[in-house]
Amino acid sequence: MQDSVEQAMWQALRDVIEPDLGESIVDLGLVRAVRAESPDITQIDITLTTPYSPHGEALTAAVRRAVSYAGLPGVEVQLVFEPAWTPYQMAEPLRALLGLPASEPQAPAQVAEPTSWRSRLRRRFTRL
């Protein structure tokens with residue numbers, strides 16, 4: 001029963017559109033979790049593309065509205081910001097549309113040797 005409620009919630013959330021990007025919050029990866037806590041209450045965690053987005057209240061209201069239109073039980077919507085959203089959480093077709101690579105680029109490896117002028121002098125004089 002809970003699995004079917006969660007699946008219905010995910011389907012209802014596909015109708016919620018993020019105002020700035022004009023795409024579904026599910027496809028954008030903004031829905032973090034959907035948990036059927038009890039037969040009457042479902043907890044939905046969503047995030048924003050940035051913590052400074054002015055659309056937090058509008059998105060939570062749109063989520064509640066989409067769930068009620070679908071005739072599903074009560075919902076508690078919570079905004080979460082950890083971990084931070086990245087474009088690599090979007091669905092693959094959206095990443096391809098934006099020209100993003102298939103996987104998130106790795107941070108460059110740290111240089112093992114210090115590059116200060118003092119360290120260069122030490123290396124030079126230790127070789128003599």
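Laboratory data are not the source of any read-out in this text; all were calculated from the coordinates shown. Just so we're clear, the structure is a prediction, and the values are computed from it rather than from any experiment.
Express the relative contact order of the chain as a whole percentage, based on alpha carbon pairs under 8 Å and six or more residues apart in sequence. Working shown, then result.
Details: 145 pairs, mean separation 28.3, N = 128.
This gives 22 percent for the chain.
To the nearest ten degrees, helix 2-13 and the longest principal axis of the Cα atoms of the chain are 80 degrees apart. Helix 117-127 and the longest principal axis of the Cα set of the chain meet at an angle near 50°. The alpha-carbon atoms of the chain define a convex hull whose volume equals 171 cubic angstrom per residue.
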